[in-house]
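Step one of this worksheet: look at the structure below.
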2 protein chains.
Amino acid sequence: MREPLSVERALERVLAAVTPLPPETVSLASCEGRILLDELVAEADLPAFDKALMDGLAVRASDLAGGVRELRVADTIAAGRDPSSLAALAPGSAARIMTGAPLPPGADAVVMVERTSAVAGDARSVRCLDVVAPGENVAPAGSDVRAGERLLAAGDWIGAAEIGVLAAFGRIQVRVRARPRVAVLATGDEIVPPGTTPGPGRIRNSNGPMLLALARDAGAETLDLGIAPDEKEALARQLGRGLESDLLIVSGGVSMGEYDLVGDVLRSLGVEVLFDAVAIKPGKPFTFGTRGRAVVAACPGNPVSGYVIFQVFIRAALRRMIGSATPAPPMLRGVLSGPLRTRAGRTGYHQARARFESGRCVVEIVPTSGSADLVSCARGNALAVTPAGAVSLAAGDPVDVLLLDHFDVR
Amino acid sequence: MREPLSVERALERVLAAVTPLPPETVSLASCEGRILLDELVAEADLPAFDKALMDGLAVRASDLAGGVRELRVADTIAAGRDPSSLAALAPGSAARIMTGAPLPPGADAVVMVERTSAVAGDARSVRCLDVVAPGENVAPAGSDVRAGERLLAAGDWIGAAEIGVLAAFGRIQVRVRARPRVAVLATGDEIVPPGTTPGPGRIRNSNGPMLLALARDAGAETLDLGIAPDEKEALARQLGRGLESDLLIVSGGVSMGEYDLVGDVLRSLGVEVLFDAVAIKPGKPFTFGTRGRAVVAACPGNPVSGYVIFQVFIRAALRRMIGSATPAPPMLRGVLSGPLRTRAGRTGYHQARARFESGRCVVEIVPTSGSADLVSCARGNALAVTPAGAVSLAAGDPVDVLLLDHFDVR
């Protein structure tokens, strides 16, 4: 009988077996959700000049040292004005200035427009109602970013803020790793397409659409291989197609029954099976292998098993493919809202709802009828994790929890 | 002078002004990340028959009451077999059975294959090494789902598990609301496209690419309107184009300077401006209006302002458009890792890194040079929120925190 690997050991083997995909250069609009391959170093100061942070009057602060007074308006400076075109501000004068515009030489502060007023009968003068200190409402050159500063590191995850930073420094072509191509194949003579009414003894394919959605959501390009029967030749044909992808996810056919052909057929196709049993509940017969750079993750046919195996192992494999330095699922420590008992033997993953109350993550276990109960997954937003061995936890006990994607909108 | 609205009041007005988009029917592969419009009620029991949960032997548990014994193999039942084709199991006999297959009449338990062994010289018999209780390793008909049970509610967010549930019950066409069409326009004479080297006094457009990325990530279809100058006619043309979308996001041109034309031009285009100042820092001149069903969110040009306004208001507007019943950003309570001081007057949003330690959310404030410092956003994964009024918090004090999308991979 197969000796199941621990979850930790299995995850190590998965991550050791997966190689990051080749680099490619994509546009700024296409790099979201990927990992930056090259660091970004500022080639110039930002701002490049002393910049107004408010609409108002650029002044010499020393002119106002004596209190509120009138100043002569020497210029009006819009954002975008060439700093070298600006005349120095003479004592007793001021320049109307817009947010983002360069200060004229000599000016060292901005009085906000709300604190100025017109001078009756004299359009060329303005009254300052506030005293300002030198530097007030001004961003000095280089105060946001210094030339030579590293703004983004190789390995950084690229989100909207990173895209803004890349744009600000002219990096409109971005080197990242290719998006993983993921094929999904459901197996089993009893499975019919979701659009079909299942005959007696049969069920619709829920694993395929679910695994495809998980893969898309993890940033992969997906290929739906549909359903393969429990028949060697047809299975080999469809598994062979899937092996042309970067990652092939199979559901079903990995238990110990006479019709569980997936492991054997994968081996016959040249796949090196790295393990075929993990001490995880649900999902024990999870089978994982490689052929060249292609990776195969074959999950048991029970939908909850596939869901859990994806969250624990397959997402990590995909994150490694795109170059993440921290591919493993992040775990946090929560507090149980009620009791949780499990039997010995395997690391348990329990559908759960996590919510945050008074700074703590409160974890409520979702009732379930077992590993076919995909509805329990839909009712959860997290997985509570219990160690192998008999576990008897009470309300208020700490528990490890893995927050699932989009947990906050569910 | 404009009296700024509180953040709460402004968010109420945004959500009251936004109407959900019209329904459309899409395929299972296209409904992810949207909101379900129609509930899903199970039309039949799941499983539809008493189902084997293990590969092994379907038995009459009472046959094994006396202990380990040999049974005669009467049938081999694969998953997918028509239950009505199964002969009743006679006392003293067993059927080889695969996971997911229907139990024959009379059988009430499954002995896992690992706990059976062959009988030397008698291929038609098998030895059971385990005693089983009635019901062991069997999912009775209806144990996962009962016909008539509500599995998904109208208003549920659709993720991978929900897609699996929809597939399992044959719902391959799904009614959801249309994806929001979002146009993004940056304004300002000083702004140049990211692929251009800015002349003296000018800066690259970082807001446009950042806001487009945020909108895409929130599930919108996006239209990049580029950059408009601070000139009424050109601005009116581009704002007019943007108003053909469901939501127009503008950056810049909403301060109090002479070149801040956006509010006036929007009004001249028939937009009803609902507010043009919010007691939020950064982002005070946030201007919000509607024209028919179209919505305009005009943010100050400082990149951090746009980033914060999106997270607090625009994401909520988009979630309301797709039909979410809980569009407002979810807030949780964390604990500060260091001191945080702010001045009075406006609700403060501070770039922060949230991490989970011992069941608590620890919030570290990201140092920043101010509202132009988009790099600080890239270094955070959350926003710490301080109330209007003078705030002086110490390490260990509780603080409200808004976890940003993908916070766990950053």
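Annotations
- Based on C-alpha pairs under 8 angstrom that are at least 6 apart in sequence, the stretch A:1-104 has a relative contact order of 29 percent.
- Taking only the Cα atoms of the stretch B:51-139, the ratio Rg/Rh comes out at 0.92, with Rh defined as the Kirkwood radius.
- Positive-end residue, the stretch B:332-409 charge dipole about Cα centroid, Cβ charges, pick of B:Val335, B:Val391, B:Gly359: B:Val391
- Scanning residues 5 or more positions from A:Leu152 or on other chains, those with amide H under 5 Å from its amide H are A:Leu40, with H placed 1.01 Å from N in the peptide plane.
- Full-extension gain in nm, A:Glu3 to A:Ala65, via 0.36 nm per residue minus C-alpha separation: 14.1 nm
- For the protein assembly as shown, with +1 on Lys and Arg beta carbons and -1 on Asp and Glu, the positive-most of B:Ile158, B:His406, A:Ala42 along the dipole: B:His406
- Rounded to two decimals, the Cα-based Rg/Rh of chain A, with Kirkwood Rh, is 1.21.
- Normalised contact order of the stretch B:51-139, rounded percent, pairs of Cα under 8 Å and 6 or more residues apart: 42 percent
- Prolate/oblate/rounded call for the stretch B:130-177, Cα gyration tensor, a/c under 1.5 rounded: prolate
- Selection from A:Val271, A:Gly226, A:Met256, by position along the positive dipole direction of the stretch A:223-309 (Cβ): A:Val271
- Per residue of peptide A:263-271, the mean number of Cβ atoms on other chains within 10 Å of the residue Cβ is 0.
- Residue-by-residue Karplus 3J(HN,Hα) for the stretch B:358-363, coefficients 6.51, -1.76, 1.60, Hz, glycine and proline x: 6, x, 10, 9, 8, 10
- Shape of the protein assembly as shown, Cα gyration tensor, a/c cut at 1.5: prolate
- For the stretch B:332-409, fraction of C-alpha pairs farther apart than 20 Å, in %: 25 percent
- The distance between label points at B:Arg13 and A:Val273 comes to 6.5 nm (points 7 Å beyond Cα on the Cα→Cβ vector).
- Of the trypsin sites (Lys or Arg not before Pro) in the stretch A:265-302, those whose Cβ has at most 10 other Cβ within 10 Å and which sit in DSSP loop: none
- The stretch A:257-351: Cα Rg divided by the 2.2 N^0.38 Å rule of thumb: 1.24
- Viscosity 0.692 mPa s, 37 °C: Kirkwood-radius Stokes-Einstein D of the stretch A:188-336 over Cα pairs, µm²/s: 207 µm²/s
- With the helix formula -39500 (n - 2.57) applied to DSSP H stretches of n ≥ 4, chain B reaches a computed 222 nm mean residue ellipticity of -4500 deg cm²/dmol.
- If both residues of a DSSP beta bridge must be in the stretch B:51-139, then about 75% of such bridges are antiparallel.
- Charge dipole of the protein assembly as shown (Cα centre as origin; +1 on each Lys and Arg Cβ, -1 on each Asp and Glu Cβ, all else neutral): 460 debye, rounded to the nearest 20.
- Length added when fully stretched, B:Ala154-B:Glu43, from 0.36 nm per residue minus Cα-Cα: 38.3 nm
- Counting Cβ atoms of other protein chains within 10 Å of each Cβ in B:357-365 and taking the mean gives 4.
- For chain B, a simple Cβ point-charge model (Lys and Arg +1, Asp and Glu -1, everything else neutral) yields a dipole of about 620 debye relative to the Cα centre.
- Amide H contacts of A:Ala382 (H built 1.01 Å from N, under 5 Å, at least 5 apart or other chain): A:Ala352, A:Ala354, A:Leu404
- Couplings 3J(HN,Hα) of the stretch A:228-243, computed from phi: 10, x, 7, 8, 4, 5, 5, 5, 4, 4, 6, 5, x, 4, x, 6 Hz, in residue order, whole Hz [Karplus 6.51 cos²θ - 1.76 cosθ + 1.60, θ = phi - 60°; x for Gly and Pro].
- Its Cα centre serving as origin, the stretch B:51-139 has a Cβ charge dipole (Lys and Arg +1, Asp and Glu -1) of approximately 120 debye.
- Proximity of backbone amide H atoms, modeled 1.01 Å from N, is registered between A:Glu190 and no other residue at under 5 Å, excluding neighbours fewer than 5 places apart on the same chain.
- Beta bridges per DSSP, both residues in chain A: antiparallel share near 65 percent.
- Backbone HN-Hα couplings from phi across the stretch B:63-77 [Karplus 6.51/-1.76/1.60, Hz, Gly and Pro as x]: 5, 9, 4, x, x, 4, 7, 8, 10, 8, 7, 9, 6, 10, 10
- Shielding by partners - mean other protein chain Cβ count within 10 Å, residues of B:400-407: 4
- Each Cα pair under 8 Å and six or more residues apart adds its separation to the average, and for chain B the resulting relative contact order is 16 percent.
Quick note: the coordinates plus some simple rules give every number you see, no bench work behind them. No experiment lies behind these values; they were computed from the predicted model shown. No Cβ is skipped: glycine too gets one built from the backbone with ideal geometry, and neighbour counts run over all protein chains shown.
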